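Asks: Shown below is the structure under consideration.
What follows draws every value from the coordinates through simple rules; no lab data is involved. What you see is a predicted model, and the numbers here were worked out from it, not measured in a lab. Cβ sites come from the backbone with ideal geometry, for glycine too, and all protein chains shown count toward neighbours.
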Amino acid sequence: MKPLNASPLIGLGLAAAMSMLAAGCGEDVEGLGSGSLSLSWEVSPRGCESAEVTQVEVELKNSNGLYTERYACTDGRAWVDAVSPGNYRLNVRGLDRHGRETFASSGQSVTVRAEMINTAETVRLTAKPASVQVGWVFDNGRVCGANGVDAVELAVYDSEDFEMMRRRFSCNAGEGSLVGLAAGSYLVEAVAEVRGVTAFRGFSEVHLKRGDLGLVEVILEQQ
C-alpha cells in the first residue's frame, strides 16, 4: 500500500490559516477611531481657592499630536474627547486669574486606546518654583575682555540674608539664569574677579511670585 500524500491538504490548511492570521495582524490601530481620557487633579496642599488657581490646563502630547484643554480648577476632573490612539505625555498646569502658570504636575505617561474611556492616575499639582534672569554691565562702559574679567558669579540671598544659591557664568554671555526659587523677595549679587581678587560687584533686588520669571540688571561697580 502506498503512503497517503497529505501535502496538498496540509498546504491548503496552512494557506487558510496564514490568510486568517494576516487579516488579524493587519488591523490598523490608528484606524479604529478615537478614544477619551478621564482624569482628576488635586492642588496641594490646600486646594484651588487657597492656591488662587482658577483654571487647569490639560496637555496631551506625543510626536504625532498635541491636545490642550482648559477647565475650571474647582471641577476637579475632566474628560478629554476625540484623542487619537497612542502613548502620550500628560502635563497639567494650574493657572491664576491672569493666566500665569503657578502650579504644575510632574507629568506622567498615559496610553489612549480607541473606542473607550481611558483613566489616568490622579494628578497632583504643586507650586511652581520661580526663576530670575540676571544681566550685567560694567559701570565703566567697557566689555569683559577690556576689564580682564572671564566670569561673573551670581548669588541669591533671601530676606534674612541666607544664601539660597550661587552660580558662575561666562562674562561674555552677558546674563545668567537662576532657577528653582520659592516665592519671596531676594537680593541678587554679582561679583567679577580679576586674577582671583574681587574687582567688580553689584546688587539688585527682585520680588518673585510662584512661577515667575524675574528680569533684573546688575551694574558691576569697580571696587
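Asks: Relative contact order of the chain, please, whole-number percent, based on alpha carbon pairs below 8 angstrom and at least 6 residues apart.
Replies: Answer for the chain is 18 percent.
Asks: Compute, for the chain, the length of the dipole vector about the Cα centre, with Cβ point charges of +1 (Lys, Arg) and -1 (Asp, Glu) only. Units Debye, rounded to 20.
Replies: On the way: 20 positive and 29 negative charges, 150 e Å.
So the dipole magnitude of the chain works out to roughly 720 debye.
Asks: Report the full-extension gain for the segment residue 173 to residue 223: residue separation times 0.36 nm, less the Cα-Cα distance, to one decimal in nm.
Replies: The residue 173-residue 223 span can extend by a further 15.8 nm.
Asks: Round to the nearest 0.05 the FRET efficiency obtained for residue 198 and residue 108 when R0 = 35 Å and r is the Cβ-Cβ distance.
Replies: The computed FRET efficiency comes out at 0.15.
Asks: I would also like to ask the following. Averaging over every viewing direction, what projected area does the convex hull of the Cα atoms of the stretch 130-222 cover, in nm²?
Replies: With the hull built on Cα positions only, its mean projection is 5.4 nm².
Asks: Let me ask another. Express in nm, to one decimal, how much length is gained between residue 182 and residue 50 on full extension, taking 0.36 nm for each residue of separation and deducting their alpha carbon distance.
Replies: Result for the pair: 45.8 nm of gain on full extension.
Asks: Please report the equivalent ellipsoid semi-axes of the chain, computed as sqrt(5 x eigenvalue) of the Cα gyration tensor, largest first, in whole Å.
Replies: Taking √(5λ) for each eigenvalue gives 59, 27, 13 Å, largest first.
Asks: Grab every C-alpha pair in the stretch 30-127, bin the distances at 10 angstrom width from 0 up to the longest one, and report whole percents.
Replies: Each 10 Å bin holds this share of Cα pairs: 17, 49, 26, 7, 0.
Asks: Taking Cα centroids, how far is the stretch 31-69 from the stretch 109-175 in Å?
Replies: Answer, in whole Å: 26.
Asks: A further question follows. Give a residue-ordered list of calculated ³J(HN,Hα) values for the stretch 88-99 (Karplus: 6.51 cos²θ - 1.76 cosθ + 1.60, θ = phi - 60°; whole Hz; x for Gly, Pro).
Replies: Calculated HN-Hα couplings, in order: 10, 9, 9, 10, 10, 10, x, 10, 7, 5, 8, x Hz.
Asks: Could you please rank 209, 128, placing first whichever residue has the fewest other Cβ atoms within 10 Å of its Cβ?
Replies: 209, 128
Asks: Turning to a different aspect of this structure: So for the stretch 86-169, averaging the separation of alpha carbon pairs under 8 Å that are six or more residues apart and normalising by length, what relative contact order in percent results?
Replies: 19 percent
Asks: Let me ask you something else. Please order 42, 160 by the number of other Cβ within 10 Å, starting at the fewest.
Replies: Fewest-to-most ranking of 42, 160: 160, 42.
Asks: Among 98, 207, rank each residue by its count of other Cβ atoms within 10 Å, from fewest to most, as a rough exposure measure.
Replies: Going from least to most buried by this count: 98, 207.
Asks: Also: Taking the simple approach of a point 7 Å from Cα along Cα-to-Cβ for both residue 81 and residue 63, what is their distance in nm?
Replies: Reported label-point gap for residue 81 and residue 63 is 3.1 nm.
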